[in-house]
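All of the numbers you see were taken from the coordinates with simple rules; none came from a lab. These numbers come from a predicted model, not from an experiment. Here Cβ is always computed from backbone atoms with ideal geometry, including for glycine, and neighbour counts include all displayed protein chains.
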Amino acid sequence: MTAAGNPALNTAARPTRGERRLSLSWLGVAPFFVYVGLFLLLPTAIILIGSFTAPKGGVSVINFAGINKPYMVKAFTNSLSVSAVSAVTGAVLGAVLAYAVVTGNPNGLMRRAITSASGVLAQFGGVALAFAFIATISTVGFVTIFLKDHGIDIFANGVWLYEAPGITLIYLYFQIPLMVLVFLPALDGIRPQWREATESLGGSTWHYWRYVAGPLLAPAFLGCTLLLFANAFSAYATVAALLTNGGVYVPLQIQALLTGETEQSQPGLAQALAFTMILIVVIVMTLYTLLQRRTTRWLR
Amino acid sequence: MNRSRRLKLRIFRTVVLLLMGAYFLVPIAAMLEFSTRGNSVTSPRTLDAWVQIAQTPGLTKGIVTSLQLAVITSIGMLALLLPTMVWVRLRLPQISRVIEFICLLPLTVPAIALVVGLKPLYIWININVTPSVLALAFAYLVLVLPYSYRSLDAGLAAIDLKTLSEAARSLGAGWVTVMWRIVIPNMPSAILNASLLSVALVLGEYTVANLLNFQNLQVEIAYVGLVNAGTSIAVAVGALLLAFVLLMVLTLVGGRLQQHNYIPGQRA
């Protein structure tokens with residue numbers, strides 16, 4: 001009580017101690033900053049500086065000229081299109097599943113089971129996922145054999161599992177659950193009263209979706225689609241395990257540059273590829289954050 | 001809601017849940033089927049592929065390595081992140097946004113891109129510090145930052161940290177005592193959550209290990225897959241079911257522990 005009663009005297013009496021306390025406070029966060037500085041910011045800086053450094057030194061964009069080759073352009077087109085298709089399809093199917101969940105009992109077992117399973121499956125990726133689909137729909141897969149026995153040949157026009165359609169189908173395995181997780185809160189924010197209000201004003205189901213729920217959910221849906229895009233674009237392990245002989249995708253090009261013999265001759269090219277990837281993801285995630293902010297405005 | 005619409009909704013829900021259920025369950029069933037196949041189409045079911053796991057030295061080594069990495073990463077994450085977050089909340093609230101930004105940064109730097117920048121760093125570590133595979137934990141700690149941060153942040157937001165720590169301090173407790181006997185016991189579910197997410201992430205990690213030429217579980221699975229598909233699929237489904245159980249336990253236990261948390265004002 002006495003200290004609080006005399007604030008002027010208190011601060012005047014020990015100015016130096018206040019300063020020392022401040023620097024001591026900063027000392028408390030020093031380990032964290034040293035760590036992230038070494039293992040997060042330094043690698044990022046290495047990529048940033050390396051991609052703008054010419055092989056013989058000096059600032060240059062020559063590394064990015066290496067991206068402007070037909071197979072590198074193809075790698076980017078492939079990666080971007082697989083990410084876009086799997087993001088849009090995953091968003092639509094995930095939204096449908098989320099709607100099926102949200103129209104059920106909010107405290108029911110079904111909802112709890114689906115949200116928990118989504119949490120697990122959204123994290124599921126990588127090598128095991130590739131093997132799951134090899135066991136399912138490769139030429140010796142369970143489903144392929146089953147359908148063949150019943151007269152259906154899913155590979156009549158060639159094996160598509162290792163091409164863009166197959167990779168898209170595999171990516172949906174983690175895209176749909178992720179969509180359920182991120183889109184469910186937006187759907188939960190929709191009040192049944194709004195539908196009743198539409199109906200009492202003479203609106204049909206179409207009117208409700210077109211003029212009420214649609215516009216409200218659009219920013220959330222778009223934002224979640226962007227998140228799914230970034231998610232697919234960053235993925236590496238699944239394609240790496242699926243296409244063991246390499247393929248024309250950006251992550252696999254980085255892999256070839258990092259593990260191959262060419263590493264010594266062009267270290268800047270891998271850094272330029274990494275830089276371009278980071279740039280794309282940062283742009284997409286920034287748009288996502290902006291849309292998310294718009295959504296939360298009416299969600300609470 | 002009128003009757004015909006309710007019926008339509010019911011049919012819609014059933015169809016969606018059945019189709020989605022099939023899409024998500026069939027691959028897991030197919031893995032179990034594939035891993036119990038015999039050598040030919042007509043041969044009976046066999047557990048050979050599963051028995052092979054124990055007899056493949058690379059796999060057992062990979063499992064041990066990944067489990068060690070999971071433990072080291074979880075402990076390291078808690079040791080680095082928890083004191084920092086508590087400290088920032090109590091003494092440096094002005095930089096909390098900076099900490100949040102840094103912790104969420106790995107979400108916008110794909111692992112496949114980050115590894116390009118980590119490569120020169122690891123070449124240096126390899127020569128000057130240790131060539132051990134466990135050095136991967138340094139990189140993994142960065143990868144788990146966003147998930148751990150969110151989980152711990154939610155846990156810290158649910159307790160009245162300032163009052164609790166000031167009460168402890170005024171009774172003569174030091175900072176270590178505050179951390180050990182006040183903060184940690186008050187947020188068990190958040191700590192468990194952050195640790196289990198880290199464990200799940202480390203057990204499934206392939207990108208960084210593969211490109212830095214380290215052999216962890218996933219790298220071994222991929223390698224065995226080139227030679228013996230059945231065995232690698234058996235390990236993959238085993239690891240998957242383990243992660244499934246782990247995370248399911250997390251959601252169930254997490255929900256229950258949350259109810260016992262100290263929430264200021266709620267008991268008044």
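Can you bin region A:40-148 into rounded, prolate or oblate? Criterion: square roots of the alpha carbon gyration tensor eigenvalues sorted a ≥ b ≥ c, rounded for a/c under 1.5, prolate for a/b above b/c, oblate for the rest.
prolate
In chain B, which longest range has no trypsin sites (Lys or Arg not before Pro) that are both DSSP loop (not H, G, I, E or B) and surrounded by at most 12 other Cβ atoms within 10 Å? Working shown, then result.
Values: sites that count: B:Arg45, B:Arg267.
Looking at chain B, B:46-266 is the longest stretch - no exposed trypsin sites (Lys or Arg not before Pro) with at most 12 other Cβ atoms within 10 Å.
Rounded to the nearest 10 degrees, what's the angle between the helix B:3-35 long axis and the longest principal axis of chain B, both from Cα atoms, 0 to 90?
Roughly 70 degrees, rounded to the nearest 10.
Enumerate the amide H contacts of A:Thr53 below 5 Å, restricted to partners 5 or more residues apart or on another chain; note that Pro and chain-start residues carry no placed amide H.
The list, which skips near neighbours in sequence, is A:Ser60.
What are the semi-axes of the equivalent ellipsoid for region A:98-246, taken as the square roots of 5 times the Cα gyration tensor eigenvalues, largest first, in whole Å?
Ellipsoid half-lengths, sorted descending, are 37, 18, 16 Å.
Using 1/(1 + (r/R0)^6) with R0 = 51 angstrom and r between the beta carbons of B:Asn228 and B:Leu164, what's the FRET efficiency to the nearest 0.05?
It comes out at approximately 0.40.
Between B:Ile11 and A:Ala113, how high is the FRET efficiency from 1/(1 + (r/R0)^6) when r is the Cβ-Cβ distance and R₀ = 25 Å? Nearest 0.05.
Working: r = 21 Å, r/R0 = 0.83.
The formula returns an efficiency of 0.75 here.
Report the convex hull volume per residue for chain A, counting only C-alpha atoms, in Å³.
265 Å³
Can you pull the one-decimal nm distance between simple spin-label points at B:Ala157 and A:Glu199, each 7 Å off the Cα toward Cβ?
With each label placed 7 Å out from Cα toward Cβ, I get 3.6 nm.
State which helices in chain A qualify, where a helix is a whole DSSP H run, it must extend 30 Å or more along its own axis by its Cα atoms, and its mean Kyte-Doolittle hydropathy must be at least 1.0.
Counting only whole DSSP H runs, the qualifying helices are A:70-102, A:164-188, A:267-299.
Net charge around B:Glu166, counting only other residues with Cβ within less than 14 Å of its Cβ (Lys, Arg = +1; Asp, Glu = -1)? Let's see the in-between values first.
On the way: positive: B:Arg89, B:Arg91, B:Lys162, B:Arg169; negative: B:Asp160.
Result for the local shell: +3.
Can you compute the charge dipole magnitude of the protein assembly as shown about its Cα centre, using +1 on each Lys and Arg Cβ and -1 on each Asp and Glu Cβ, nothing else charged? Give it in debye, rounded to the nearest 20.
1860 debye
Once both labels are modelled 7 Å past Cα along the beta-carbon direction, what's the A:His150-B:Lys61 spacing in nm?
Those two pseudo-labels are separated by 4.5 nm.
Would you mind getting me the FRET efficiency between A:Ile62 and A:Phe33? Use the beta-carbon distance for r and R0 = 56 Å, nearest 0.05.
For R0 = 56 Å, the calculated efficiency reads 0.95.
To the nearest 10 degrees, how steep is helix B:111-128 against the longest Cα principal axis of chain B, on a 0 to 90 scale?
The angle comes out at about 80 degrees.
List A:Phe142, A:Phe155 from most exposed to least, where exposure is judged by having the fewest other Cβ atoms within 10 Å.
A:Phe155, A:Phe142
Rounded, prolate or oblate, given the Cα gyration tensor of the protein assembly as shown, with a/c below 1.5 counting as rounded?
Oblate is the answer for the protein assembly as shown, as a/c is 1.5 or above yet b/c matches or exceeds a/b.
Give, to the nearest whole percent, the P(r) tail of region B:49-259 beyond 29 angstrom, counting all Cα pairs.
Values: 7753 of 22155 pairs.
Every Cα pair in region B:49-259 considered, those over 29 Å come to 35 percent.
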